[in-house]
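Here the structure is laid out as structure tokens; the discussion comes afterwards.
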Amino acid sequence: MQEFRFERKISIKRDIREPRFLKVNNTLFPYFAVPGTNLIKFEPEETMSIYLNDKSVWSRPEWLFKNTFIPWRGKIFNNTPTLIGYPGGDNIYSEPSDLIKVFWYRTLNGKNFEPFIENTPVILTGGVPDTDIVKIDENEYIAVSRNELGDEDGLGSKICRIKTENQVRVNCISNLKKYDSPLPDFDS
């Protein structure tokens, strides 16, 4: 039987969701979205994080992204910690909804972010909030996105090949199946 130990309670008197973990150097960073004060509505405002320092002490919650950013996946690529997410969830279910931009960031310290692919912060645009990415070759990745909002390709999912050699190229195909919260079951 596996045992768990209580680590830290986070209470900011607001709704918090989408906890995502990322190890940066030897520090663990849980990131989470702060969707506001109304527990019934989805009104994301910002992203916060805490971290576990080398003395096994948790920090106080800190604000990171101030643009309705929803952290979706924390992953390591090429020994670099990355965070995949999207802003704009505040109008995700309104009519008509704006297209979502999926950002792919890297970080050296868990607090400051820049594009993982130089000069290319936005990796996908469409009705695709929830996205995960896996590496398949030195300069090639596969992204799977739930196309929940619909766009020129309709609803369902998008499966995209991202090539980063020389210039960034993203080619997607649509699938009528909707892959909720895509998450591959293997390490990239």
Taking the stated definitions as given, is SER145 at pLDDT 90 or above and either in contact with an Asp or Glu (Cβ under 9 Å, 6 or more places away or on another chain) or not in a strand (DSSP E or B) (or both)? yes
Can you confirm whether GLU18 is closer than 26 Å to PRO182 by Cβ and touching a Gly at 6+ places or on another chain (Cβ under 9 Å)? yes
Only one of ASP54, ASP15 is of a type outside the set (Ser, Thr, Tyr) and surrounded by 14 or more Cβ atoms within 10 Å (Cβ to Cβ), namely ASP15
I'd like to verify a number: residues in the stretch 105-129 that are outside any strand (DSSP E or B), open to solvent by less than 10 Å² (accessible area, probe 1.4 Å) and modelled with pLDDT under 90, how many? 3
Residues being in contact with a Pro (Cβ under 6 Å, 6 or more places away or on another chain) and outside any loop (DSSP other than H, G, I, E, B): count how many of those fall in the stretch 44-82. 3
Out of the residues in the stretch 148-172 meeting the condition of being assigned to a loop (DSSP other than H, G, I, E, B), touching a residue at least 24 places away in the same chain (Cβ under 8 Å) and not charged (D, E, K, R), tell me which one is least open to solvent (accessible area, probe 1.4 Å). THR164
Can you find, within the stretch 61-98, the residue that is modelled with the lowest pLDDT among those that are on the phi > 0 side of the Ramachandran plot and exposed (fewer than 12 other Cβ atoms within 10 Å of the Cβ)? ASN78
So, first residue on the phi > 0 side of the Ramachandran plot in the stretch 1-25, second residue of a type in the set (Ser, Thr, Tyr) and at pLDDT below 90, Cβ within less than 8 Å, six or more apart or across chains; the pairs are LYS13/THR37
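The values are calculated or read from the model by the stated rules, or taken from the named source; none is laboratory data. Just so we're clear, the structure is a prediction, and the values are computed from it rather than from any experiment. Counting neighbours? That spans all protein chains shown, and the Cβs are built from the backbone with ideal geometry, glycine included. Note: areas computed on protein heavy atoms with side chains; ligands, DNA, RNA excluded. Shrake-Rupley method; radii C 1.70, N 1.55, O 1.52, S 1.80 Å.
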